[in-house]
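Working notes, structure below.
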Amino acid sequence: MVVDRILLVEDDQQLGQQTVERLERAGYAIDWKKTADSVALDKLDYSLVILDLMLPGTYGLDFLKQLRTTSEVPVLVLSARNDSSDKVRALKLGADDYMTKPYWPDELVERVKARLRRPQMARSKQIVVGPLAIDVDARSVAIDGGPVDLAPTEMEILLALARRPGAAVSRAWLVENVLASESENAIRTLDVHVSRMRKKLGRADLIETVWGVGYRLAKAT
């Protein structure tokens, strides 16, 4: 049986030890580093990276930015800060999930399991799905070669779907990770964004509704 290898970057001795022990009991192989500076990015070979933000030396988000230039490995961010701006920045830099401290060890294990069950996100600088072409760095979109002008939030929603073509992305995940909202009307706001995106893209069939779940980007149209 192949055992998933996980890199934990955490400087807190007690928390790091507890995390290692809990994840090892869950059947994972853990490599624990206490600083981002001690991680060799050119030799990274893991199924998942668990990354603390408040690290000595290189700050966690700076490390994440460096990591994303060379690797597509999923990243779960840990932080004692519950600031939504930190969360949004981490997700924009390429984090796949975000947990605030303190947290239950069992919740961390379930998050890890859930992340490893999902198909790895495509992080190409250009994402092409059927007639849709997205330049990730330039934040530009084209349909059949023609430019489409999307608002920043619309672009983030489209990127979240495009990185998982054919996979359903739940409304709850999009609200939490893209809109970063806890408003009672957040789901409705998301649906309005998607409706506007469909009109701008000119292809009602490109963003499919998965009833009871959320949305997905059609693989082929």
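A few notes on this one:
- Lone unmet requirement of (1) more than 16 Å from Asp97 (Cα to Cα); (2) out of contact with any helix residue (DSSP H, G or I) (no Cβ under 8 Å at 6 or more places or on another chain) for Arg22: (2)
- Residues in the stretch 53-68 that are among the polar types (S, T, N, Q) and over 10 Å from Leu93 (Cα atoms): Thr58 alone.
- The conditions of being over 28 Å from Arg25 (Cα atoms), touching a residue at least 12 places away in the same chain (Cβ under 8 Å) and of a type outside the set (Val, Ile, Thr) are not met by Lys101.
- Residue check, Ser79 in contact (Cβ under 8 Å) with a residue 60 or more places away in the chain, within 26 Å of Tyr28 (Cα to Cα), open to solvent by less than 70 Å² (accessible area, probe 1.4 Å) and over 13 Å from the mean Cα position of the chain (by Cα): no
- Count of the stretch 169-211 residues, restricted to those that are at pLDDT below 85, farther than 12 Å from Ile157 by Cα and open to solvent by 50 Å² or more (accessible area, probe 1.4 Å), is 7.
- Of the numbered criteria (1) among the acidic types (Asp, Glu); (2) open to solvent by 50 Å² or more (accessible area, probe 1.4 Å); (3) in contact (Cβ under 8 Å) with a residue 40 or more places away in the chain, the one Asp62 fails is (3).
- Test: residue in the stretch 5-12 that is open to solvent by less than 50 Å² (accessible area, probe 1.4 Å), among the charged types (D, E, K, R) and more than 27 Å from Arg163 (Cα to Cα): yes
- Members of the stretch 9-37 that are part of a loop (DSSP other than H, G, I, E, B) and β-branched (Val, Ile, Thr): Thr35
The values are calculated or read from the model by the stated rules, or taken from the named source; none is laboratory data. What you are looking at is a predicted structure, and each value in this text was computed from that prediction instead of being measured. As a convention, Cβ positions derive from the backbone with ideal geometry for all residues, glycine included, and neighbour counts pool all protein chains shown. For accessibility, only protein heavy atoms count, side chains too; no ligands or nucleic acids. Shrake-Rupley method; radii C 1.70, N 1.55, O 1.52, S 1.80 Å.
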